[in-house]
Amino acid sequence: CDTRAGGRGVLPAGKVGLLISEGGAGKTMVLVLLALAHATGGEWLGTYSLPTTGRTLLVLGEEDAEEVHRRVYNSAQATRSRAPDPGAIVAVPLSGLPAPMVEIDPQGNASDGAFLVWLRAYIASSGPFELVLVDPLSRFAGADAEIDNAAATRFVQALESIATDTGAT
């Protein structure tokens, strides 16, 4: 992420980006590596220098707290990164919990899901965070987002509302 004017960061500050590939390809690990690089000022994937550092919120829908800790620790070991400062990476492990960001009523109207409302409040009370990583799409956007453009658009709009409210990428 880069907040400098004219910067050349991996992701433009305050914008939503998506990392897309087939299931089981390692997207969660790539995001953990991004969180680690952002928190420590290291390189992401051994290629992309992150010119700014900051706090990262990892919102992981399929991991419990122990698994998140293991992934961050093993990623730091594998990349020979220094350990992130306490609080530099904050994880919200949601294994087994429903967390839709968008809810559809019986008439087909979309509204903010209870989890999105909670997440905004959590970020406001625990932030600031410069980077918010949400994984996987299906846990937060619903299964239809992978095949329905309108559902995917509603999910991106939910993420954009977080970026707008907080300035986070």
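The values are calculated or read from the model by the stated rules, or taken from the named source; none is laboratory data. Keep in mind that what you see is a predicted model, and the values were worked out from it rather than measured. Cβ coordinates were reconstructed from backbone atoms using ideal geometry, including for glycine residues, and neighbour counts include every protein chain displayed. To get the accessible areas, we keep the full protein, side chains included, count just its heavy atoms, and leave off ligands, DNA and RNA. Shrake-Rupley method; radii C 1.70, N 1.55, O 1.52, S 1.80 Å.
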message: Please compute the per residue accessible area over the stretch 33-128 with all protein chains in place, 1.4 Å probe, rounded to a whole number of Å².
response: 54 Å²
- request: Give the accessible area for TYR48 in Å² (nearest 10); use a 1.4 Å probe, count only protein heavy atoms, and leave out ligands, DNA and RNA.
  value: 110 Å²
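What do you get for GluC sites (Glu not before Pro) in the stretch 51-101 restricted to DSSP loop and a cutoff of at most 14 other Cβ within 10 Å of the site's Cβ?
GLU62
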message: Suppose we take every Cα in the chain and form the convex hull; what volume per residue is that in Å³?
response: 117 Å³
- line: Carbon and sulfur atoms account, in whole percent of the 1.4 Å probe accessible area of the chain, for 52 percent
- prompt: About its Cα centre, how strong a charge dipole does the chain have in debye, to the nearest 20, once Lys and Arg get +1 and Asp and Glu get -1 at the Cβ?
  reply: 700 debye
Sequence of ILE104, ILE89, ILE147, ILE123 from largest to smallest accessible area, 1.4 Å probe: ILE147, ILE104, ILE89, ILE123
message: Under 10 Å, Cα contacts only: if you run a Gaussian network model on the chain, which one of ALA145, ALA39, ALA91 comes out with the highest mean-square fluctuation?
response: ALA145
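If we count every other residue with Cβ under 14 angstrom of ALA145's Cβ, Lys/Arg +1 and Asp/Glu -1, where does the sum land?
Residues close to ALA145 contribute a combined charge of -3.
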- prompt: Extension gain ALA121-THR52, at 0.36 nm per residue separation less the Cα-Cα distance, in nm?
  reply: 22.3 nm
task: Could you go through the stretch 52-58 in sequence order and give the Karplus-derived ³J(HN,Hα) for each residue, using 6.51 cos²θ - 1.76 cosθ + 1.60 with θ = phi - 60°, rounded to whole Hz, and x for Gly and Pro?
output: 10, 10, x, 7, 10, 9, 9
query: Can you give me the Cα centroid spacing of the stretch 77-103 and the stretch 128-148 in angstrom?
result: 14 Å
query: Using alpha carbons only, how many degrees (0 to 90, rounded to 10) separate the axis of helix 27-40 from the longest principal axis of the chain?
result: 50 degrees
- request: Check each of the trypsin sites (Lys or Arg not before Pro) in the stretch 49-93 and keep only those in coil by DSSP with at most 15 other C-beta atoms within 10 angstrom; list them in order.
  value: ARG80, ARG82
